[in-house]
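The values are calculated or read from the model by the stated rules, or taken from the named source; none is laboratory data. Computed from a predicted model, the values in this text were never measured in an experiment. Reconstructed Cβ throughout: ideal geometry from the backbone, glycine too, with neighbour counts over all protein chains shown.
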Amino acid sequence: MSHTDRVVVLVDMDCFYCQVEENLDPQLKGKPLAVVQYNTWRGGGIIAVNYLAREQGVTRHMRGDEAKRKCPQIELVHVPSVRGKADLTKYRDAGKLVASVLQKFTPLLERASVDEAYLDITDAVAVRSNFAKSEIQLSQVINTHVVGCETLEFLYSLYNFGLCDEANLKLAYGAVIAEEIRAAVFRETGYTCSAGIAHNKILAKLAAGLNKPNRQTLLPQDGVESLYKDLPVRKIRSLGGKFGDSLSEDLGITTMAELERFSHKDLRKRYDDKTASWLYNIARGIDLEPVTIRLVSKSIGCAKTFPGRNALIKPESLRHWLGELSAELVERLEKDLEENNRRAKQMTVGFTHDDISASRVHGLSSYDAKKIADDCYALVQKHCVKADGTFCVTNLSINAGKFEDCRNVTAITSFFKSKTVETSDYSDETIDLNEDTSKLSFYKEADASNDSITTEIRTLEEDEAKGSFFLQYFEDMKNSKKRESPVLRDFDTSRNLEDDDAPSTSNGTEICDECNRKVSIAEMTSHKDHHLALQIAKEEKLARLPTITIKGKENAKSKKRKSSDAGTLTKFLQSAAILPEDESEVCPQCQKRIGRNDLAAHLDYHLARELHREINQIKSCSSETAQRSSKKTKTTKAATKNTRSVISFFKPN
DNA sequence: CATTCAATAGTT
DNA sequence: AACTATTGA
């Protein structure tokens, strides 16, 4: 029961609105592009920029005109204007399509915005690792970056020298599944996305932003320290605004590493218990907030600003715009009723007048645009009209919420009560019955039948088209001899506080000069062996890469030799560190002192590292062709030549 | 005169 | 219920 038990993925669509436009009009692909709303004032406001345009320095916040100046070739797509205001329907619909794909991988899906969602794939990972027949291969995580080390090094560490903990293995399977998720999203929607894989939501979100676009990032718990070293506090979700600024100012800090120096007690002096605990945990990469099932929004609203001279001062214009807003609102509410079988019971009308914002709540008995507009008009007028009878409104919004389910929900409710505990590990998760659980293929299937879950499994098995996670899940469950009882996860935020007085670096450890990680002194020898053996693994992986031709004759032997030779090689390297100056030279790559006779081989080691990095980059950009192919050829040659030297480096003469 | 619009969560 | 803060495209 620890904070590293879960596997959380944050899927974030790349410049989503731009991708939606590119797919609707494929001619736009390959061109710098921005999406703008309204073109009346300085070319409209930019709300999304694709990566080609970002390369040219185009950013959000810019006006369309400014973007044109920066990047004359840029294509500007305008958000359609309906009833005088921006209509974001197509992006909302595209977001729903993506969510429907994500849903196939776990019911524990939380839509965080139109283009972002959290997935708790802990159970899918458990299934994978329980039934895995072989080690995870690099090819399964070819688009994955790992914070703190090379992906290959991370994979290797999972299976050797006992350095791996269960937690990192889970994340590795999480990355494999995340690759599959992103591939499915692309296959079924044509959109690319980035993802973060970590033990919690905060870290998953942070990780997802590290390698964009169309890449994913695994953030191991032991990668947090290096990442936090220079990470500005504002990069953490919810610390990007005023609170983060005041935090930085109050504590006199800039980075997360600096925040970690504050004890819980120190934080408690300035913040309430909840905030202090949250900060304390987050500074250590701990976040216990659960992924909650949420597929639909809790409110639906629309708004419009009337800046400067557009301010509303006449009753007719006020009534007009409330009419437009309520028309849009009703349209969306009716669509929502169709899709989600629910009705909003309350509305809130918001308004800004003379720089003062206010809002009023009102019952919502029917989806009647005229009645809503009239009700809103009365409320706004009552509040905004001054003593002299004039008013000046610069912003209007209408929001609908307090949804109630229309459908007979008892069948589903009773299903959860009777079946959830025995079949699922989600019993501790909040399940909002306002959600349209019938959309979950699993629940729908189960609900449609009164038979037991086992019967249901057979139905699913017979239906190949239902290629969901659950098919595999139940398949594995059924074949499993022993099944662990459901585990209750602990999200109590008051727990998991480490002892304030404990030293941040425990005794008996040293920093490995290869990887800068803390390693216990007792384990240092085998840890060093790990780095050496890693090189052998790299040779093997290099040899296996399909686009690279390397003589593989030494593979089998080098693997066999691994255990027997690693120790001697360790001694070789360690002795190199204390060589006298006249018999050695300082390596220009790593500044280590290397015996003169071994310098050539040592340089090959660095070359192999570099090659691996290059090859990784080529592999991960497989869509590009022309420009890359020349580089690829060059690299292939170099790999053939140099890797053999690396092999010989490990071969006893 | 100018991001604009949308959605959520927390506080009082 | 009203208001504020935050995030994100």
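Among the residues making up the stretch A:229-257, those that are assigned to a helix (DSSP H, G or I), closer than 24 Å to residue A:204 by Cα and not β-branched (Val, Ile, Thr) are A:234, A:235, A:242, A:243, A:244, A:245, A:247, A:248, A:256, A:257. With the condition kept exactly as written, say whether any residue in the stretch A:379-386 is under 33 Å from the mean Cα position of the chain (by Cα) and either surrounded by 15 or more Cβ atoms within 10 Å (Cβ to Cβ) or more than 16 Å from DNA strand C (Cβ to nearest atom) (or both). No, because not a single residue in the stretch A:379-386 is under 33 Å from the mean Cα position of the chain (by Cα) and either surrounded by 15 or more Cβ atoms within 10 Å (Cβ to Cβ) or more than 16 Å from DNA strand C (Cβ to nearest atom) (or both). One residue alone among A:268, A:261, A:237 is of a type in the set (D, E, K, R) and within 21 Å of the chain's Cα centre (by Cα), and that residue is A:237. Is it true that some residue in the stretch A:137-155 is farther than 30 Å from residue A:22 by Cα and free of Cβ contacts under 8 Å to residues at least 60 places away in the same chain? Checked the stretch A:137-155: at least one residue is farther than 30 Å from residue A:22 by Cα and free of Cβ contacts under 8 Å to residues at least 60 places away in the same chain.
Only helices (runs of 4 or more DSSP H) whose full extent lies in the stretch A:258-355 are considered here, and the ones with at least 3 residues that are in contact with a Leu (Cβ under 7 Å, 6 or more places away or on another chain) and buried (at least 20 other Cβ atoms within 10 Å of the Cβ) are A:273-282, A:315-340. For the stretch A:26-46, does any single residue satisfy the condition of being near DNA strand B (Cβ under 10 Å from one of its atoms), of a type in the set (Phe, Trp, Tyr) and touching a Ser or Thr at 6+ places or on another chain (Cβ under 9 Å)? Scanning the stretch A:26-46 turns up at least one residue that is near DNA strand B (Cβ under 10 Å from one of its atoms), of a type in the set (Phe, Trp, Tyr) and touching a Ser or Thr at 6+ places or on another chain (Cβ under 9 Å).
Residues in the stretch A:309-331 that are farther than 11 Å from residue A:395 by Cα, within 11 Å of DNA strand B (Cβ to nearest atom) and touching a residue at least 40 places away in the same chain (Cβ under 8 Å): A:324, A:325, A:328, A:329. Pick from A:9, A:58: which is touching a helix residue (DSSP H, G or I) at 6+ places or on another chain (Cβ under 6 Å), more than 11 Å from DNA strand B (Cβ to nearest atom) and in a strand (DSSP E or B)? Just a single option satisfies the conditions, and that option is A:9.
Starting from residues that are within 12 Å of DNA strand B (Cβ to nearest atom) and not hydroxyl-bearing (Ser, Thr, Tyr), keep the ones in the stretch A:94-130 and report whichever is farthest from residue A:204 (Cα to Cα). Looking at the filtered set, the residue picked out is A:96. Taken over the stretch A:357-379, the criterion of being more than 16 Å from DNA strand B (Cβ to nearest atom) and outside any loop (DSSP other than H, G, I, E, B) is satisfied by A:362, A:363, A:370, A:371, A:374, A:375, A:377, A:378, A:379. Report, by residue number, each residue of the stretch A:314-342 that is farther than 25 Å from residue A:385 by Cβ, more than 16 Å from DNA strand C (Cβ to nearest atom) and basic (Lys, Arg). Result: A:335, A:342. The set of residues in the stretch A:206-226 being surrounded by 21 or more Cβ atoms within 10 Å (Cβ to Cβ) and in contact with a helix residue (DSSP H, G or I) (Cβ under 8 Å, 6 or more places away or on another chain) consists of A:206, A:216, A:217, A:218, A:219, A:220, A:224.
Residue A:212 passes every criterion in (1) outside any loop (DSSP other than H, G, I, E, B); (2) not assigned by the TED database to the domain that holds residue A:271 apart from (1). Looking only at the stretch A:39-52, residues that are crowded, with 17+ Cβ neighbours inside 10 Å, modelled with pLDDT under 95 and not in a strand (DSSP E or B) come to 2 in all. Scanning the stretch A:332-352 for residues that are more than 14 Å from DNA strand B (Cβ to nearest atom), under 12 Å from residue A:296 (Cβ atoms) and out of contact with any Asp or Glu (no Cβ under 8 Å at 6 or more places or on another chain) turns up just one, A:337. For the stretch A:176-190, the criterion of being at pLDDT 95 or above and outside any helix (DSSP H, G or I) is satisfied by at least one residue.
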